[in-house]
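Written out below as structure tokens is the structure these notes cover.
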Amino acid sequence: MYQSTASIYRSVQHASELSDAHCHLNLFPNPEAVVKEAVAHGMRLILATGGCAKDNLQVAALSKGEIVFGIVGIAPDFALKEADSIDDLKALVKGSGKIIGIGEIGLDYKVAKSDEEKGIQADAFERQIRIANDLEIPIVVHSRGALKETIHILDRHHVRRAMFHFFEGNGKEAKELEERGYLMSVPPVANRARKEAIREIDIKNVVVETDSPVVGKTPMDVAKALEMISKIKGIPQGELAQITTDNLREFFYI
């Protein structure tokens with residue numbers, strides 16, 4: 001049973017920096033109010049993530065806020081209709097000093113309905129990896145039902161910096177990511193595989209996210225992810241909050 005979000009925040013906000021590694025800030029009715037509330041509770045870093053052309057433009061605008069940085073890309077569920085928008089990403093990144101990664105990009109075999117659609121997703125994924133490599137910035141990966149294929153593509157393109165958003169693999173698969181130096185982003189949702197993955201890898205390869213407002217209600221729900229990790233790793237939540245924020249800053253050079 002989770003503690004209340006408020007009680008967890010009271011235990012960490014005065015001693016630590018909090019961060020949300022993946023949130024869809026532009027989907028909130030009032031993003032500025034969401035950020036203001038998060039800052040009041042100790043949040044010091046939010047990565048606002050796009051996924052389609054419209055979202056990417058909104059993320060670019062929101063990333064001008066003090067604690068907000070942007071991640072832009074064409075997600076696999078938009079690859080079929082918006083592949084042409086991939087060509088706009090490089091200019092979008094270069095036109096902003098606070099877009100720090102390409103994402104969320106990858107493969108989603110629960111969305112793809114045919115081998116043809118899987119191929120379209122893979123092509124979009126690889127095109128965006130090449131852009132990230134050219135710009136020398138990390139990628140944020142969406143991988144669902146296709147981890148083996150995702151890792152194969154990353155290896156083929158020699159990707160050194162990748163953060164796996166809402167990682168759904170088991171402990172063995174988490175170790176594969178750790179061996180490559182990738183980050184595992186933990187959402188505020190507990191299940192057996194996720195707990196096993198957290199148990200298996202070093203805390204230096206872990207960050208926390210909310211995927212809000214899609215999954216978490218607000219960026220403040222990183223508290224639930226911190227509580228889950230704390231129980232597994234035996235690390236106080238305040239210390240974890242700072243570690244995961246430091247991991248995020250180091251990985252994205254911010």
- From the options 196, 209, 136, 168, residue that is over 16 Å from the mean Cα position of the chain (by Cα) and at negative phi: 196
- Item | Counted residues, the range 79-96 - those being out of contact with any Asp or Glu (no Cβ under 9 Å at 6 or more places or on another chain) and either crowded, with 24+ Cβ neighbours inside 10 Å or in a helix (DSSP H, G or I) (or both) | 12
- Would you pick out the residues in the range 99-137 that are modelled with pLDDT of 95 or more, touching a helix residue (DSSP H, G or I) at 6+ places or on another chain (Cβ under 8 Å) and assigned to a loop (DSSP other than H, G, I, E, B)? 109, 137
- Message: Just to be sure I understand the filter: pairs with C-beta atoms under 9 Å, separated by 6 or more residues or on different chains, first member in the range 182-196 and under 15 Å from residue 22 (Cβ atoms), second member basic (Lys, Arg) and buried (at least 17 other Cβ atoms within 10 Å of the Cβ). Which pairs pass?
- Response: 182/161; 183/161; 186/194; 187/194; 187/224; 188/224; 189/224
- So which of 12, 59 ends up being within 30 Å of residue 128 (Cα to Cα), in contact with a Leu (Cβ under 9 Å, 6 or more places away or on another chain) and either at pLDDT below 95 or buried (at least 21 other Cβ atoms within 10 Å of the Cβ) (or both)? 59
- Message: Where the second residue is assigned to a helix (DSSP H, G or I) and not aliphatic (A, V, I, L, M) and the first is closer than 25 Å to residue 164 by Cβ and modelled with pLDDT under 95 and lies in the range 76-98, which pairs have Cβ atoms under 7 Å and are six or more apart or on separate chains?
- Response: 80/117
- Note on the structure: Filtering the range 103-149 for residues that are surrounded by fewer than 16 Cβ atoms within 10 Å (Cβ to Cβ), in contact (Cβ under 8 Å) with a residue 12 or more places away in the chain and basic (Lys, Arg) leaves a count of 2
- Inside the range 214-239, can you point out the residues that are surrounded by 18 or more Cβ atoms within 10 Å (Cβ to Cβ) and either at positive phi or touching a residue at least 60 places away in the same chain (Cβ under 8 Å) (or both)? 216, 218, 219, 220, 221, 222, 223, 224, 226, 227, 237, 238
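The values are calculated or read from the model by the stated rules, or taken from the named source; none is laboratory data. The structure presented is a predicted model; accordingly, all values stated were derived computationally and were not measured. Counting neighbours? That spans all protein chains shown, and the Cβs are built from the backbone with ideal geometry, glycine included.
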